[in-house]
Each structure stands twice: as structure tokens, then as C-alpha cells.
Amino acid sequence: MSNIYLGYHFTVTPKELGSEILIAELGEKPFESFIETELGFVAYVQKDLWFETILDDIHVLQSDEFSISYSVEEIDQVNWNEEWEKNFEPIEVDGKCHVRAPFHAKTDAAYDIIIEPKMSFGTGHHETTHMMIQHLLETEVAGMKTLDMGCGTAILAILAEMKGAKPIDAIDIDNWCYLNSIENAERNNCSEITVYEGDAALLSGKKYDLIIANINRNILLNDMTSYVACLNKNGLLLLSGFYTEDIPFIDAACTERGLTYVKKFERNNWVSLKYVN
């Protein structure tokens, strides 16, 4: 088999949710690696495994909810480390949290997190992850039993453990995210994080002091009852994954269930909200 690859450069709007759905569908095909870019991601498939109708039954490409375009290039002898280095720049949040790939140099930041996203999203580059990191940085979480719902790469669970939260459950419905979260937790020497594959049905009978949910508006609204039901008195709920115009819907879902609004971060029309029970 040759080492020639085809790289599909996808531009996706809205990026985070559309990319998650598209990657999930492409994962059923021979695509073997996905690298996040500013506007979407690149999906790689070995040329020998490619076929002309490979995208024909990718449903999200026909969806009116997303605008997706792509171009294709042929690449000889892909050097994956080189691709990571081209597409994944280390970031710093509020001078305290440094997020980097394994091939980036360590810094003296208070919280140095190593993330290798593979097929998962959540590197700190996206506005929602960045704002959730900001919330965690300014919140005293030591000793809090914590849930990272829709954990992606587990970056938020990892930061929570670094700040003393324990024990921590990290849940994602996507198998790639589940596996990648386990790897990233091990990569950062985390011992308090347990990763589960599934959805809000796993929350039955659980109780938490801190719930982190960076997903999207529809899932947040659908699962809000489950979140509040397992949030302890005086517990905190950190939410993101939605736009400024979605605030009234999210706020109503929270306040109707007895939560009190605390704080908001906004970044390029994306929002992150903090509530207390």
C-alpha cells in the first residue's frame, strides 16, 4: 500500500458542532486522521483506500443547518508530527494556563496541559474552550466532585484536576473523544479522572459540586434537567457551546430550575455562563 494521502480541507460554519458531526460521519469511512484548522479541519485518507463516492452518503453535507465547503490535495509521505506543528500552535490563557501538543516545549505556566487532539475537539483554540478555561482559572474548585460533560479531549477535566478538583467524571458520547480523553488524562498524569462513553443517561443517581458542559445549545437545553438534578446545593454549573443570541433560552432553562446567574464571558459572539445552585 502506498503512503500517498488525500487531504480534504473542510471549511465548516458553525465550526464546532458542524465539525463534530462531520468527523463522526467521516470516521465511518477510511479517513484516519483529522487536524483542526482555524476554519474547520483537514481529513486524511490513504489514496489506495479512497473511492469516488466516499462523500456521497455523508448526511451533514446536505444539511441546511451548516455551511460546509472543501478542497482536496494529494500529499506524499505525510509526516503527522509536521502536520500537528503546522496546525496546532500552543496557547496561553490569562497568563496562567498553557495548552500545548506533546512536541511543544514546556513553559513555567501554573497549569501546563499537554493535549493531542487526534479526532477530538477541544484544544483551547476554540472560543468556548478558552472561556471555560477562564472560568476554571478564577474558580476555587479544590475538593469538588466534578463532571466534565461532553469532554472532547478532556482538557477541562485535566485543568480541574490540576486545580485540585476530585474525583472527576468525564463523559462523551463519541468513541474517539472517549479514547482520546483517556490518553490525554494519562499524558497529564491525572489520577482522579474516570472517563465514560455515553450521554446524560449516565448521570442517574450521581451528585456533583461542579458541572462543566461545553456542548451546544440544543443538547444543553435537552439535558438541563439532568444536570440540575445531580448538582449539589451551592454547586456550580459552567456552560458554553452557544452564541450570544442563545443566552435567553439557556438562562431561562437554568433559572426555571432554581439556578442563579453568576457571570458571563463573551468571545467573538460565543458565550460562556456560570450559575450556582
Next item on the list: Go ahead and set up a Gaussian network model of the chain, Cα springs under 10 Å, then flag whichever of H130, H104, H59 fluctuates most.
Entry: H59
Check: Which length gain, in nm to one decimal place, applies between S63 and L39 when the Cα-Cα distance is subtracted from 0.36 nm times their residue separation?
Finding: 6.8 nm
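Multiply the residue gap between T244 and E74 by 0.36 nm, knock off their C-alpha separation, and tell me the result in nm, one decimal place. Don't skip to the end; give the middle numbers.
Working: separation 170, 0.36 × 170 = 61.20 nm, distance 3.93 nm.
Result: 57.3 nm gained on full extension.
If you put +1 on each Lys and Arg Cβ and -1 on each Asp and Glu Cβ, how big is the dipole of the chain around its Cα centre, in Debye rounded to 20? Show your work: numbers first, answer last.
Working: 21 positive and 45 negative charges, 276 e Å.
Dipole size: approximately 1320 debye.
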Margin query: Around Y111, under 9 Å between beta carbons, what's the net of Lys plus Arg minus Asp minus Glu among the other residues?
Written below: +1
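Taking only protein heavy atoms and a 1.4 Å probe, what accessible area per residue, in Å², does the chain have with all protein chains in place?
On the way: 12400 Å² over 277 residues.
In whole numbers, the chain has 45 Å² accessible per residue.
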Next item on the list: Let me have the relative contact order for the chain, percent, based on Cα pairs under 8 Å that are six or more residues apart.
Entry: 13
Note to self: Counting only other residues whose beta carbon sits under 11 Å from that of L55, what net charge do I get with K and R as +1, D and E as -1?
What the structure shows: -3
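Roughly what % of DSSP beta bridges within the chain run antiparallel, to the nearest 5?
Details: 38 of 61 bridges.
Approximately 60 percent, going by the DSSP bridge assignments.
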Notebook entry, point to check: What list of ³J(HN,Hα) couplings, whole Hz, do you get for the stretch 232-245 from phi and the Karplus terms 6.51, -1.76, 1.60, once you set θ to phi - 60° and write x for glycine and proline?
Noted result: 5, 4, 6, x, 10, 10, 10, 10, 7, x, 9, 9, 3, 5
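Show that you can apply the helix-only estimate: for the chain, add -39,500 (n - 2.57) for every DSSP H stretch of four or more residues, divide by all residues, and state [θ] at 222 nm to the nearest 500. Walk me through the numbers on the way to the answer.
On the way: 7 runs with 74 residues, N = 277.
The helix-only estimate for the chain comes to -8000 deg cm²/dmol at 222 nm.
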Check: Shape of the stretch 100-213 from its Cα gyration tensor (a ≥ b ≥ c, root eigenvalues): rounded if a/c is under 1.5, otherwise prolate when a/b > b/c, or oblate?
Finding: oblate
Checklist line | For R267, net neighbour charge (Lys/Arg +1, Asp/Glu -1) across residues whose Cβ lies under 13 Å away | finding: -3
Item checked: Label of the coordinate-derived value, semi-axes √(5λ) of the Cα gyration tensor in Å, listed as (1) 29, 23, 15; (2) 32, 21, 16; (3) 41, 31, 19 -> (2)
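The values are calculated or read from the model by the stated rules, or taken from the named source; none is laboratory data. Bear in mind the structure is a predicted one, so any value in this text is a computation, not a measurement. Methodologically, a virtual Cβ is constructed for each residue, glycine included, from the backbone with ideal geometry; neighbour enumeration extends over all protein chains shown. Only protein heavy atoms, including side chains, enter the accessible area calculation; ligands, DNA and RNA are left aside. Shrake-Rupley method; radii C 1.70, N 1.55, O 1.52, S 1.80 Å.
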